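These notes are about the structure you will find just below.
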Amino acid sequence: MKENIIARLTAKDDKVACALADKIISESQEADEWYKYFDDFASLLDHPKSLVRNRVLYILAANAQWDDENRFDLVISDFLAHITDEKPITSRQCVKALAQVGLAKPQYIPKILSCFRDADLSKYKDSMRPLIEKDMEETKKILTAPSL
């Protein structure tokens with residue numbers, strides 16, 4: 001089963017892989033049934049294909065709320081590295097996913113905000129940089145909003 005999930009998430013057919021990722025993300029909002037594969041998902045953070053990285057960022061973020069074992073501690077640095085991913089779209093996906101991570105694991109908020117401050121976005125085209133900055137501002141607002 002495990003190998004099948006990883007194979008399907010990294011499949012050449014992006015429609016199949018995306019559909020599976022959407023299912024995992026959706027189901028992970030409600031229950032922890034996918035959390036047992038956390039380490040397997042985390043192993044895809046450095047996948048050469050950016051679409052796979054995009055999907056796994058959201059899968060891990062959706063499972064952060066179930067992380068009673070603090071497995072996220074082992075991958076948070078790798079996760080944060082994608083704030084300045086080589087692909088600007090992956091950078092944006094990472095920044096957006098970090099809102100969910102921070103809400104589930106508030107102990108990471110200072111580290112997330114620090115990475116935002118220190119992120120060198122100069123390598124991105126002028127058309128993408130403002131979008132990433134806007135995403136960072138939106139995520140920062142979510143993470144620093146007073147609790148109700």
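A few notes on this one:
- For His47, no residue whose modelled amide H falls within less than 5 Å of its own remains once neighbours fewer than 5 places apart on the same chain are excluded.
- Loop GluC sites (Glu not before Pro), region 1-73 (other Cβ atoms within 10 Å of the site Cβ: 13 or fewer; DSSP): Glu33, Glu69
- Lysine pairs meeting the criterion (Cα under 23 Å, 8 or more apart or interchain), as found in region 10-115: 18
- Working note: Karplus 6.51/-1.76/1.60 with θ = phi - 60° gives region 77-82 the couplings 5, 5, 4, 5, 4, 7 Hz, where Gly and Pro are set to x.
- For the chain, with all protein chains in place and a probe radius of 1.4 Å, 53% of the accessible heavy-atom surface sits on carbon or sulfur.
- Neighbour count of at most 11 Cβ within 10 Å plus DSSP loop: longest trypsin sites (Lys or Arg not before Pro)-free window in the chain: 13-122
- Accessible area in square angstrom per residue, the chain, 1.4 angstrom probe: 54
The values are calculated or read from the model by the stated rules, or taken from the named source; none is laboratory data. Keep in mind that this is a model prediction, so the values were computed, not measured. When we count neighbours, we look across all protein chains shown, and the Cβ atoms used for this are built from the backbone with ideal geometry, even at glycine. Each accessible area value is taken on the protein alone, full model and side chains, heavy atoms only, with ligands, DNA and RNA left out. Shrake-Rupley method; radii C 1.70, N 1.55, O 1.52, S 1.80 Å.
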